[in-house]
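In what follows, a structure is listed as structure tokens, so that the remarks can point back to it.
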Amino acid sequence: MADVRLERISKAYGNVQILHDIDLDIAHGEFAVFVGPSGSGKSTLLRMIGGLESISEGQLLIDNNVVNDVDASDRNLGMVFQSYALYPHMTVRQNLAFPLRMAKASAGVTEAKVRQAAALLQVEHLLDRKPRQLSGGQRQRVAIGRAIVREPKVFLFDEPLSNLDTELRVQMRVQIAKLHRQLGNTMIYVTHDQVEAMTMADKIVVLKDGRIEQVGTPHDLYHRPASQFVAGFIGSPKMNFIDATLVAVHRERAEIRLETGMTVSLPIDASAQAVGEPVTLGIRPDDFRSPADSEQGLIVELEVDFVEHLGNATYFYGNVGAASLVARAPKLEAAGRLEKIALAATSADCHLFLPNGKALRRLHAPTSWN
Ligand code: ADP
């Protein structure tokens, strides 16, 4: 059963339409992440679910009840935002207790719930401090605690980690994911950071220009991106794209020719396409390998113009014809002066996109993480 259901939801400010016909189900206990570039409509969508923005068209259901006209405070939601919005003059204990006081909970219940939330978020030793005596990460944990004490059905998070430095973001990301496992609540989380989306989500909703581009598990989005946009958005460094032309089309394989003149046969369904159509070949930086280790799929020669050593990985930047490429060192000798390196990719690791951005179906995409 869906905890949260969006049926043909649209949003317009005046005559500018911001969100278009959003259909989405979020199941009970699911961790759903809205991800997309800035301005794609993520926050507006979350705020509509939260009751902070009106819904121009369509229906929003929480627990099978239409709540379009229900007040934010009556939707049984816990919200956490980028700015912590703690009361500066109150202690952590008072901040945590505040929503319960508003709900007229008894002193005993309040104390128990505050203790429970503080333990869960490891802020018990901070209960008597004021927000200004806390670090950014601690403040954000208190803000999450304040949402938890009301035991909401659904949590809404709007870029809650944006103000934290990189190390803290990583820590908090793990904490929120663990919290989700402990509480088992439905969570909806907005971020522009695809790594956050990939690491936390059960279900990722990729938004672009106010429309859903793809909904799927992190695995689906990585291995079966529905479009060139999703392929480029999910994964870091991003997928490489190279222009090519279809030279043979079959249900079981597509044959393409690169600008370099090389032709390669890929396990991709191209039966609906025409020979001669331009396509874009996509290969992730991590999927390149040394030609010696590879079944002979694709081979390109990279004119290296920059090498980045990160310790655990080495990335080669350069060009193949007109295309700029990045490849993770495919167990190549990473030393020496590298001006040109040969890179191979197995045909099963290649993606193909049409000029309209749609992906052609890969027949051998992995079906689970391994
Ligand atoms: P995101 O969260 O993906 O960055 P937003 O939901 O904040 O995107 O915004 C989506 C679009 O809606 C943007 O183009 C933004 O300028 C526009 N927008 C947001 N709020 C308002 C508003 N109150 N009035 C007019 N336009 C708005």
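Restrict the check to segment 132-150 and report whether at least one residue is assigned to a loop (DSSP other than H, G, I, E, B), open to solvent by 50 Å² or more (accessible area, probe 1.4 Å), in the same structural domain as residue 79 (by TED's automatic domain parsing) and without any contact (Cβ under 8 Å) to a residue 40 or more places away in the chain. Yes, segment 132-150 contains at least one residue that is assigned to a loop (DSSP other than H, G, I, E, B), open to solvent by 50 Å² or more (accessible area, probe 1.4 Å), in the same structural domain as residue 79 (by TED's automatic domain parsing) and without any contact (Cβ under 8 Å) to a residue 40 or more places away in the chain.
Within segment 213-233, the set of residues being within 16 Å of the ligand (Cβ to nearest atom) and open to solvent by less than 50 Å² (accessible area, probe 1.4 Å) comprises 214, 230, 233. Could you tell me whether residue 154 is buried (at least 19 other Cβ atoms within 10 Å of the Cβ), among the aliphatic types (A, V, I, L, M), under 20 Å from residue 200 (Cβ atoms) and within 16 Å of the ligand (Cβ to nearest atom)? No, not satisfied. Of the residues making up segment 162-196, those that are touching a residue at least 60 places away in the same chain (Cβ under 8 Å) and open to solvent by less than 20 Å² (accessible area, probe 1.4 Å) are 186, 187, 188, 189, 190, 191, 196.
Residues of segment 92-126 being assigned to a loop (DSSP other than H, G, I, E, B) and surrounded by 17 or more Cβ atoms within 10 Å (Cβ to Cβ), which ones?
The first filter runs over segment 92-126 and keeps only residues assigned to a loop (DSSP other than H, G, I, E, B), leaving 103-106, 121-123.
Result: 105, 121, 123.
Among the residues of segment 24-41, none qualifies, meaning not one is within 13 Å of the ligand (Cβ to nearest atom) and more than 21 Å from residue 198 (Cα to Cα).
Take the conditions open to solvent by 50 Å² or more (accessible area, probe 1.4 Å), within 16 Å of the ligand (Cβ to nearest atom) and touching a strand residue (DSSP E or B) at 6+ places or on another chain (Cβ under 9 Å) and apply them to residue 238. Does it pass? Spelling it out, it is not the case that residue 238 is open to solvent by 50 Å² or more (accessible area, probe 1.4 Å), within 16 Å of the ligand (Cβ to nearest atom) and touching a strand residue (DSSP E or B) at 6+ places or on another chain (Cβ under 9 Å).
I need a count of the residues in segment 277-312 that are in contact with an Asp or Glu (Cβ under 9 Å, 6 or more places away or on another chain) and open to solvent by less than 50 Å² (accessible area, probe 1.4 Å). Summing the residues that are in contact with an Asp or Glu (Cβ under 9 Å, 6 or more places away or on another chain) and open to solvent by less than 50 Å² (accessible area, probe 1.4 Å) in segment 277-312 gives 10. Listed conditions (1) surrounded by fewer than 21 Cβ atoms within 10 Å (Cβ to Cβ); (2) within 16 Å of the ligand (Cβ to nearest atom) are all met by residue 48, apart from (1). Is it fair to say residue 64 is among the polar types (S, T, N, Q), assigned by TED's automatic domain parsing to the domain that holds residue 152, in contact with a Leu (Cβ under 8 Å, 6 or more places away or on another chain) and over 16 Å from residue 185 (Cα atoms)? It is false that residue 64 is among the polar types (S, T, N, Q), assigned by TED's automatic domain parsing to the domain that holds residue 152, in contact with a Leu (Cβ under 8 Å, 6 or more places away or on another chain) and over 16 Å from residue 185 (Cα atoms).
Where strands (runs of 3 or more DSSP E) sit wholly within segment 278-341, those with at least 2 residues that are modelled with pLDDT under 90 occupy 298-309. Across segment 3-43, the number of residues qualifying as within 19 Å of residue 69 (Cα to Cα) and surrounded by fewer than 19 Cβ atoms within 10 Å (Cβ to Cβ) comes to 7. Which of the residues spanning segment 5-23 are within 9 Å of the ligand (Cβ to nearest atom) and free of Cβ contacts under 8 Å to residues at least 40 places away in the same chain? The answer is 13, 14, 16.
The values are calculated or read from the model by the stated rules, or taken from the named source; none is laboratory data. Computed from a prediction, not measured in an experiment: that's the story for all the values here. All Cβ positions, glycine included, derive from the backbone under ideal geometry; neighbour counts span all protein chains shown. SASA here: full protein model, heavy atoms, side chains in, ligands and nucleic acids out. Shrake-Rupley method; radii C 1.70, N 1.55, O 1.52, S 1.80 Å.
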